[in-house]
1. How high is the relative contact order of the chain, in percent, with contacts defined as C-alpha pairs under 8 Å that are six or more residues apart?
2. Carbon-plus-sulfur fraction of the accessible area of the chain, 1.4 Å probe, in percent?
3. Past 25 Å, Cα to Cα: identify those pairs from LYS18/LYS63; LYS27/LYS101; LYS27/LYS49, in the order given.
4. How big is Rg to Rh over the chain, alpha-carbon atoms, Rh as the Kirkwood inverse-mean-distance radius?
5. May I ask you to give the solvent-accessible area per residue for the stretch 45-104, in square angstrom, as obtained with a 1.4 angstrom probe?
6. Under 13 Å from the Cβ of LYS27, count the other residues' Cβ atoms, weight Lys and Arg +1, Asp and Glu -1, and hand me the total.
7. Ignoring everything except DSSP H segments at least 4 long, calculate the 222 nm mean residue ellipticity for the chain; use -39,500 (n - 2.57) per segment, divide by total residues, nearest 500.
8. Put +1 on the Cβ of each Lys and Arg and -1 on the Cβ of each Asp and Glu in the chain; which of VAL22, THR77, LEU67 then has its Cα farthest toward the positive end of the dipole?
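The values are calculated or read from the model by the stated rules, or taken from the named source; none is laboratory data. Everything quoted here is computed from the prediction, not taken from an experiment. Every residue, glycine among them, receives a Cβ derived from its backbone with ideal geometry; neighbour counts consider all protein chains shown. Protein only, heavy atoms only, side chains kept; ligands, DNA and RNA dropped before computing areas. Shrake-Rupley method; radii C 1.70, N 1.55, O 1.52, S 1.80 Å.
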Amino acid sequence: MSVLLNMAMFPTDCGENKSEYVSEIIKLIRECGYPYQLTSMATIIETDKMSQALEIIQMCYNKLEELNCNRVYSTITFDIRKGHENRLEGKVASIEEKIGKVSK
């Protein structure tokens, strides 16, 4: 199974610049060991099970709570597909086969 989690999470009560908080979340995601891709608007993470994806979301929220954030905004989207893996790269490769290189 492949669970693609597209997630953005940041505090809304801690000033205008969010990079200090987002970098702590990205560090945590990196340490989990799952493949991920940081974009300018969200982070995409691929896990084998839904429970792993949900655990990452909880850990990210816990990190913001540790950093004294009282209000957190998050968008979360899942693409769950049984019998597949490595879709983080595979989905992009499928498009590139049809139209050539794309911006990543």
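1. Details: 143 pairs, mean separation 47.0, N = 104.
Averaging sequence separation for qualifying contacts and normalising by length gives 45 percent for the chain.
2. Details: 3450 of 6960 Å².
Carbon with sulfur: 50 percent of the solvent-accessible area.
3. On the way: LYS18/LYS63 14 Å; LYS27/LYS101 29 Å; LYS27/LYS49 21 Å.
Cα-Cα > 25 Å for LYS27/LYS101; rest within.
4. Values: Rg = 14.8 Å, Rh = 14.6 Å.
Result for the chain is an Rg/Rh of 1.01.
5. Per-residue value: 74 Å².
6. Values: positive: ARG30, LYS63; negative: GLU20, GLU24, GLU31, GLU66.
Net of charged neighbours comes to -2.
7. Details: 3 runs with 44 residues, N = 104.
Dividing the helical sum by the residues of the chain leaves -14000 deg cm²/dmol.
8. Comparing the listed Cα positions along the dipole, THR77 ranks first.
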